[in-house]
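For reference, the structure is listed below as structure tokens.
The values are calculated or read from the model by the stated rules, or taken from the named source; none is laboratory data. All values derive from a computational prediction rather than experimental measurement. Because the Cβ atoms are built from the backbone with ideal geometry, glycine has one as well, and the counts that use them run over all protein chains shown.
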Amino acid sequence: DRKSDPGGIAVIGLGRFGSHLAESLSALGREVLAIDRDAQQVQKWSSMLDQVAQADATDEGALRQLGLTDLPRVVVAIGASVEASVLTVLALVELGIPQIWARATSGQHAKILSSVGAHRVIFPEAETGERLAHLIISRTLDFV
Ligand code: ATP
């Protein structure tokens, strides 16, 4: 019963970012529901993740059928298609998901996600680049 699990998380979009996120959450012991519209991605990840479902996440009814309304947190990891990402966030807002995290690929994308109702907007590439810059600088000092 997902309702009694406070840590249930859905990850939508199993590209490189989403699949690593889903695997890491799973390794941390969280119940993860991974969703992708691509049958091949679903097939590929179904042996590695507990719950993998095929659905178009822009379809509110499909998300409802998957039981998403019971989950406190959903991460939209779709990157390349701004339209799919925004429409998915909109569907999640309509479903009343309490914590919607969404991945942005540009400043404009981020603004749209926020105005549609995403609670947290993340920039994996920018954040990783920034962290790596700090790491490289601190490591460089080690060799001086
Ligand atoms: P990454 O950089 O993480 O590899 P990407 O930007 O290359 O991602 P995207 O096009 O963002 O790739 O797609 C990530 C995943 O999201 C893909 O597996 C794709 O099938 C899935 N996806 C795209 N649109 C939808 C949708 N409407 N519903 C469900 N899944 C979707």
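Residues in region 113-124 that are part of a helix (DSSP H, G or I) and modelled with pLDDT of 95 or more: how many? Matching residues across region 113-124 total 4.
The residues on offer are Leu49, Leu33, and the sole one that is at pLDDT 95 or above, of a type outside the set (Lys, Arg) and crowded, with 18+ Cβ neighbours inside 10 Å is Leu33. Right, Leu132: within 22 Å of Gly15 (Cβ to Cβ) and either touching a residue at least 12 places away in the same chain (Cβ under 8 Å) or assigned to a loop (DSSP other than H, G, I, E, B) (or both) or not? Here the answer is no, as Leu132 does not meet what is asked. Residues that are loosely packed, with under 15 Cβ neighbours inside 10 Å and near the ligand (Cβ under 9 Å from one of its atoms) were ranked within region 36-45; the one that is farthest from Arg73 (Cα to Cα) is Gln40.
Rundown of residues vs (1) in contact with a His (Cβ under 9 Å, 6 or more places away or on another chain); (2) modelled with pLDDT of 95 or more; (3) not aromatic (Phe, Trp, Tyr), yes/no style:
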| site | (1), (2), (3) |
| --- | --- |
| Ala57 | no, yes, yes |
| Gly61 | no, yes, yes |
| Arg64 | no, yes, yes |
| Val82 | yes, yes, yes |
| Pro98 | yes, yes, yes |
| Trp101 | yes, yes, no |
| Ser106 | no, no, yes |
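If you go through region 64-93 and keep only what is more than 15 Å from the ligand (Cβ to nearest atom) and not aliphatic (A, V, I, L, M), you end up with Gly67, Thr69, Asp70, Pro72, Arg73. Among the residues making up region 45-82, those that are in contact (Cβ under 8 Å) with a residue 24 or more places away in the chain, acidic (Asp, Glu) and within 24 Å of Ala110 (Cα to Cα) are Asp59, Glu60.
If you go through region 62-81 and keep only what is surrounded by fewer than 17 Cβ atoms within 10 Å (Cβ to Cβ) and within 14 Å of the chain's Cα centre (by Cα), you end up with Pro72, Ala80, Ser81. With respect to Leu14, determine if the residue is buried (at least 19 other Cβ atoms within 10 Å of the Cβ), within 15 Å of the ligand (Cβ to nearest atom) and without any contact (Cβ under 8 Å) to a residue 60 or more places away in the chain. No, not satisfied.
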